[in-house]
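Only one structure is covered here, and it is reproduced in the block below.
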Amino acid sequence: MGKKQTLLAVATAAAATLGFAGSAQATTTVTGNHWDIGLAYDCDAEEFSAEGLHAHSHDTDPASELELADTVFQVSGTSNSIWESTVFGRAELPLKTIGDGGTYRVGLSVEAEGACEAPAVTFTSGAVTVPVGGARVAGYRRGESDGVATTRTRFDSATGTNRNLGVTIADHEDLRWGFTDTGTYRLPLTATASVGGFPVTYRATLTFSVV
Ligand SMILES: [Zn+2]
């Protein structure tokens, strides 16, 4: 009897694993609207919510939320602006982009749920998967009040001076994303913060499909 219960428990765990894998295949393809990738912080519980790194709609109330493992952000816009030139060099223009000034955005955020300030979160990316050799993706900010075409690169799959720098955010930052080639790009994101003096880490992969 005890052994049967153990076997049943194992079978149930296996089914749960398969169920999770099955749901992960039901991919949502996003083609518009303002999304932010980030963490929600529960002010009462004084901890980040258990859902971890997810995509959160910026403009809808209540917000829609998407699991990053089940979500692909499709990119079809094209740009050859000074911002792309500054990050990638003129020879790469035009690039496929998602703008930080248009209606379709993929930014970063830390959301406080309740009356408090959420801890600052540092986002970094591990090694990026690109569709073909030499393909490159970067997430960057356009220059703001300095009046010149400077950019602040946050993520960049290229190595060298424009390497993956990451960014620390206390609330919200929209990014512009540029891609040199069509195909699928996967950025393994890590979000780290300190809660009550203890480090916390969340991981999820951000996927773009450039068409
Ligand atoms: Zn945003």
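Throughout, read-outs are computed from the coordinates displayed, never taken from laboratory work. Since we're looking at a predicted model, the values are computed, not measured. Cβ atoms come from the backbone with ideal geometry, glycine included; neighbour counts cover every protein chain shown.
A few points about this structure:
- For 206, 53, order by how many other beta-carbon atoms lie within 10 Å, fewest first: 53, 206
- Length-normalised contact order for region 26-210 - Cα pairs under 8 Å, 6+ apart - percent: 26
- The distance from the alpha carbon centre of region 189-211 to that of region 35-71 is 12 Å, rounded to a whole number.
- Relative exposure of 68, 187, judged by other C-beta atoms within 10 Å (fewest first): 68, 187
- Cα gyration tensor shape for region 26-210, rounded if a/c is under 1.5, else prolate or oblate: prolate
- Nonlocal amide H pairs with residue 71, under 5 Å, H built at 1.01 Å: 28
- Straightening the chain between residue 80 and residue 61 buys 3.4 nm, computed as 0.36 nm per residue apart minus the Cα-Cα spacing.
- Rounded to whole numbers, the Karplus 3J(HN,Hα) couplings from phi for region 64-70 are 7, 10, 10, 6, 5, 5, 10 Hz, using 6.51 cos²θ - 1.76 cosθ + 1.60 with θ = phi - 60°, and x at Gly and Pro.
- Of 66, 189, the sequence from fewest to most neighbouring Cβ atoms within 10 angstrom is 66, 189.
- Under 5 Å between amide hydrogens, built in the peptide plane, is the criterion, and for residue 33 it picks out 104, 105 among residues at least 5 positions away or on other chains.
- Long-range amide H partners of residue 41 with built H, under 5 Å: 49, 111, 112, 113
- Phi angles across region 132-141 convert, under the Karplus curve 6.51 cos²θ - 1.76 cosθ + 1.60 with θ = phi - 60°, into 3J(HN,Hα) values of 9, x, x, 5, 9, 10, 9, x, 8, 9 Hz, Gly and Pro given as x.
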